[in-house]
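The values are calculated or read from the model by the stated rules, or taken from the named source; none is laboratory data. Please read all numbers here as calculations on a predicted model, not as lab measurements. Please note: Cβ atoms are built from the backbone with ideal geometry, for glycine as well, and neighbour counts cover all protein chains shown. Protein only, heavy atoms only, side chains kept; ligands, DNA and RNA dropped before computing areas. Shrake-Rupley method; radii C 1.70, N 1.55, O 1.52, S 1.80 Å.
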Amino acid sequence: MIEPLKVLIVEDEALLAMELESLVEEAGHSVVGWATSSAEAKSMVESTDADIAFVDIHLTDGPTGVDVAHYIGEKKRSMVVFMTANPKRIPDHFAGAIGVIAKPYTMNGLTSALRYLQEGVRRPPPVSTRPAGFTLSPAFAAVWAPAA
């Protein structure tokens, strides 16, 4: 049994954050907190110990999710996964994030992505097939891509 993930949610829409929290917990993982702005997210990064941070691009203080991803990456505290309806706003280098889950996502898609991420965090590289709704950043695709 692989140890469950500790997840930080950075999402400005409360209903989406609560739904995501519920899905994460149903999949056997724990949510260590959630933030709605870049300032809250940065504070949360300092005060929590998350394995994965699900980060939306657009937060209450504007399109600051990329800045949050950079900040988390500099601190080397968590792996960042963007969750956005507009993946085109993610820079080519993914701001240090390992990948993106496009909104709207399905419960099955998120559960599969969590399993894949759990394997990647706890016993890299993942052994599962990369879920259809999850896109790896170029940097992680080179490391986590399954051997052909």
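When the residues of the range 23-45 are filtered to those that are open to solvent by less than 40 Å² (accessible area, probe 1.4 Å) and polar (S, T, N, Q), the one that is nearest to residue 8 (Cα to Cα) is 36. Do you know which of the residues in the range 134-148 that are part of a loop (DSSP other than H, G, I, E, B) and either of a type outside the set (Ser, Thr, Tyr) or open to solvent by 100 Å² or more (accessible area, probe 1.4 Å) (or both) is modelled with the lowest pLDDT? The selected residue is 148. Scoring residue 51 on the criteria (1) under 21 Å from residue 1 (Cα atoms); (2) open to solvent by less than 60 Å² (accessible area, probe 1.4 Å); (3) in contact (Cβ under 8 Å) with a residue 24 or more places away in the chain; (4) touching an Asp or Glu at 6+ places or on another chain (Cβ under 7 Å) leaves a single failure, condition (4). Scanning the range 80-101 for residues that are open to solvent by less than 10 Å² (accessible area, probe 1.4 Å), over 13 Å from residue 136 (Cβ atoms) and aliphatic (A, V, I, L, M) returns 83, 95. What number of residues in the range 19-37 are over 19 Å from residue 112 (Cα atoms) and under 15 Å from the mean Cα position of the chain (by Cα)? The qualifying residues number 5.
Quickly run through the range 107-122 and pick out the residues that are open to solvent by 10 Å² or more (accessible area, probe 1.4 Å) and touching a residue at least 40 places away in the same chain (Cβ under 8 Å).
Just the residues of the range 107-122 that are open to solvent by 10 Å² or more (accessible area, probe 1.4 Å), to begin with: 107-109, 111-112, 115, 118-119, 121-122.
If the condition is that a residue be open to solvent by 10 Å² or more (accessible area, probe 1.4 Å) and touching a residue at least 40 places away in the same chain (Cβ under 8 Å), then 107, 111, 115, 118, 119, 121, 122 are the ones that fit.
Restricting attention to the range 32-63, the residues that are modelled with pLDDT under 95, in a loop (DSSP other than H, G, I, E, B) and of a type in the set (Ser, Thr, Tyr) add up to 1.
Which one of 104, 131, 125 is outside any strand (DSSP E or B) and exposed (fewer than 12 other Cβ atoms within 10 Å of the Cβ)? Please lay out each step first, then the result.
Details: 131 fails: exposed (fewer than 12 other Cβ atoms within 10 Å of the Cβ); 125 fails: exposed (fewer than 12 other Cβ atoms within 10 Å of the Cβ).
Going through 104, 131, 125 in turn, the sole match is 104.
The residue pairs whose first member lies in the range 22-34 and is farther than 18 Å from residue 78 by Cβ, whose second member is in a loop (DSSP other than H, G, I, E, B) and open to solvent by less than 20 Å² (accessible area, probe 1.4 Å), and whose beta carbons are closer than 9 Å, counting only pairs six or more residues apart or on different chains, are 28/5.
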